[in-house]
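The values are calculated or read from the model by the stated rules, or taken from the named source; none is laboratory data. Being a predicted model, the structure only gives us computed values, none of them experimental. In this analysis, Cβ positions are derived from the backbone assuming ideal geometry, glycine residues included, and neighbour counts consider all displayed protein chains. Please note that ligands, DNA and RNA were not included when accessible areas were found on the heavy atoms of the full protein model with its side chains. Shrake-Rupley method; radii C 1.70, N 1.55, O 1.52, S 1.80 Å.
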Amino acid sequence: MMAKKGPAIWVILIALILSLPVWSAGQRRNQQKEQQPQQPGQGQPGFGPQNKSKDEADAFNALQKEQNPAKKVELAEAFVSKYPDSDFVAYAQTFRVTSYSQLGKHKESAAAAEQAVDATIKFGEKLAAKADADAKLSDKDRENVRKKDKNAVFLDKNSPQFEEFMNQSEQRIVALYKSIIQSYQMLNDAPHMMEASKKALGLKPDDVDLLATISNVMAERPPTNDQQMTEQMKQAEEYANQALTLLPTYLSSPENASMTPAQKADVTSQLHYTLGLIYLRQKRLSSSQTELMTALKSKPNDPITYYRLGIAYVQEMKNDQAMDALGKSVFLKGVSEPNARDLLKQLYVQKNKSEQGLEDYIKSAGSKIGQ
């Protein structure tokens with residue numbers, strides 16, 4: 001099925017997962033005793049992942065430093081197998097996610113991301129349970145604990161540190177769901193893409209990336225049942241419009257300061273293209289043409305957008321405009337070229353009674369792209 005790729009910003013980076021600050025108390029003791037290389041959260045006051053032994057720390061250090069993706073997968077799986085209760089299991093699973101992706105094993109990458117999500121949730125639950133237990137301790141109980149362990153830390157769910165840690169855990173989970181979406185995009189598996197998108201959207205309903213992806217998937221892959229398609233397009237339209245409303249703030253946010261003008265144009269074009277396709281499915285042809293033309297203003301060299309625009313013109317019997325759009329789509333090639341060429345050929349022969357001059361017409365249409 002013909003479909004445009006989602007925004008490139010779906011790419012999950014290991015730096016995004018591991019650079020989020022966490023807090024650790026036990027790491028301080030390990031660092032003082034063994035001078036281990038720094039781990040995520042190491043040396044910071046509070047709480048977070050803690051090594052339980054020198055062997056565990058060494059194994060994770062080796063995993064973290066490994067550059068070969070195949071070897072990294074091997075080390076990550078060995079770490080999870082040997083230390084299944086480690087606080088660093090989620091990080092090890094995340095290394096599997098990125099390494100499998102580098103190896104082109106997208107199904108395995110998605111499975112690893114699901115496991116990383118589960119491990120992140122379990123670690124959060126572990127901290128929450130400790131905070132609940134700590135809340136029940138009397139001052140005397142705490143004093144007794146400190147006599148046994150002077151570095152003991154008591155967790156408070158209402159503390160800024162605890163809330164920040166949980167917020168960052170949620171960010172990791174959303175990022176992992178985005179990697180799952182990317183993997184299923186590569187596998188052309190729409191049902192699993194939708195499932196992952198909705199889970200992530202439940203955690204972060206105002207995420208422009210997620211809104212853009214799920215609306216695009218819904219638009220590109222409509223149900224065959226008319227009633228179901230009507231309902232799906234209505235929901236997709238809501239998601240796309242919500243993303244467009246949030247887009248100016250999204251593009252100007254500090255988090256996206258590093259986006260290039262081309263990347264910003266791609267996100268803008270994608271959303272208008274999606275909305276144009278939704279309107280095309282709904283037979284709102286004038287609105288569809290407007291949105292697709294708006295998409296082309298941001299990204300004038302997209303063959304699929306020209307192809308969809310050509311269809312919108314054909315359905316409204318605007319054959320000259322349709323031929324121009326289809327000619328540009330054929331000129332730009334891409335996955336839409338065969339379908340665009342077949343439709344253009346029909347319109348061209350209908351008008352000119354012959355195929356003669358068709359290639360020159362395509363070149364002429366291509367020369368006007370961006371004008």
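Are any of the residues in the stretch 53-63 buried (at least 21 other Cβ atoms within 10 Å of the Cβ), modelled with pLDDT of 90 or more and within 28 Å of the chain's Cα centre (by Cα)?
Within the stretch 53-63, one or more residues are buried (at least 21 other Cβ atoms within 10 Å of the Cβ), modelled with pLDDT of 90 or more and within 28 Å of the chain's Cα centre (by Cα).
List the pairs whose first member sits in the stretch 267-289 and is free of Cβ contacts under 8 Å to residues at least 24 places away in the same chain, whose second member is crowded, with 19+ Cβ neighbours inside 10 Å and aromatic (F, W, Y), and whose Cβ atoms are under 7 Å apart, counting only residues at least 6 apart or on separate chains?
Sorted first by the residue in the stretch 267-289, then by its partner, the pairs are S287/Y279.
Residues to consider are L187, L176, L210; find the one that is surrounded by fewer than 16 Cβ atoms within 10 Å (Cβ to Cβ), within 30 Å of A92 (Cβ to Cβ), touching a residue at least 12 places away in the same chain (Cβ under 8 Å) and of a type in the set (A, V, I, L, M, F, W, C). Spell out how you get there, then give the answer.
Details: L176 fails: surrounded by fewer than 16 Cβ atoms within 10 Å (Cβ to Cβ); L210 fails: surrounded by fewer than 16 Cβ atoms within 10 Å (Cβ to Cβ).
L187 is the lone residue from the list that is surrounded by fewer than 16 Cβ atoms within 10 Å (Cβ to Cβ), within 30 Å of A92 (Cβ to Cβ), touching a residue at least 12 places away in the same chain (Cβ under 8 Å) and of a type in the set (A, V, I, L, M, F, W, C).
Is it the case that M166 is more than 28 Å from D85 (Cα to Cα) and without any contact (Cβ under 8 Å) to a residue 60 or more places away in the chain?
On the way: more than 28 Å from D85 (Cα to Cα): no; without any contact (Cβ under 8 Å) to a residue 60 or more places away in the chain: yes.
In short, no.
How do the pairs read when you match residues in the stretch 333-349 that are without any contact (Cβ under 8 Å) to a residue 24 or more places away in the chain with residues anywhere that are of a type outside the set (S, T, N, Q) and in a loop (DSSP other than H, G, I, E, B), using Cβ under 7 Å and keeping only pairs 6 or more apart or on different chains?
Short answer, once both residue conditions are applied: K345/E355; V349/E355.
Could you tell me whether any residue of the stretch 131-143 is in contact (Cβ under 8 Å) with a residue 24 or more places away in the chain and either surrounded by 22 or more Cβ atoms within 10 Å (Cβ to Cβ) or assigned to a helix (DSSP H, G or I) (or both)? If you could, list the steps in order and put the result at the bottom.
Of all residues in the stretch 131-143, those in contact (Cβ under 8 Å) with a residue 24 or more places away in the chain come to 131-132.
Now drop any that are not either surrounded by 22 or more Cβ atoms within 10 Å (Cβ to Cβ) or assigned to a helix (DSSP H, G or I) (or both), which leaves 131-132.
Yes, the conditions are met somewhere in the stretch 131-143.
Need the failing condition index for T213 against (1) more than 17 Å from A295 (Cα to Cα); (2) modelled with pLDDT under 90; (3) under 17 Å from the mean Cα position of the chain (by Cα), just the number.
(1)
Out of G334, G370, report the one residue that is open to solvent by 50 Å² or more (accessible area, probe 1.4 Å) and outside any helix (DSSP H, G or I). Give the steps one after another, and end with the answer.
Working: G334 fails: open to solvent by 50 Å² or more (accessible area, probe 1.4 Å).
Every option except G370 fails the conditions.
Would you mind telling me which numbered condition in (1) within 28 Å of the chain's Cα centre (by Cα); (2) buried (at least 24 other Cβ atoms within 10 Å of the Cβ); (3) within 18 Å of K368 (Cα to Cα) L326 fails?
Failed condition: (1).
Looking only at the stretch 81-110, how many residues end up being farther than 12 Å from Q182 by Cα and within 15 Å of the chain's Cα centre (by Cα)?
Number satisfying all stated conditions: 1.
Which of the residues that make up the stretch 84-123 are among the acidic types (D, E), in contact with a helix residue (DSSP H, G or I) (Cβ under 7 Å, 6 or more places away or on another chain) and open to solvent by 70 Å² or more (accessible area, probe 1.4 Å)?
E108
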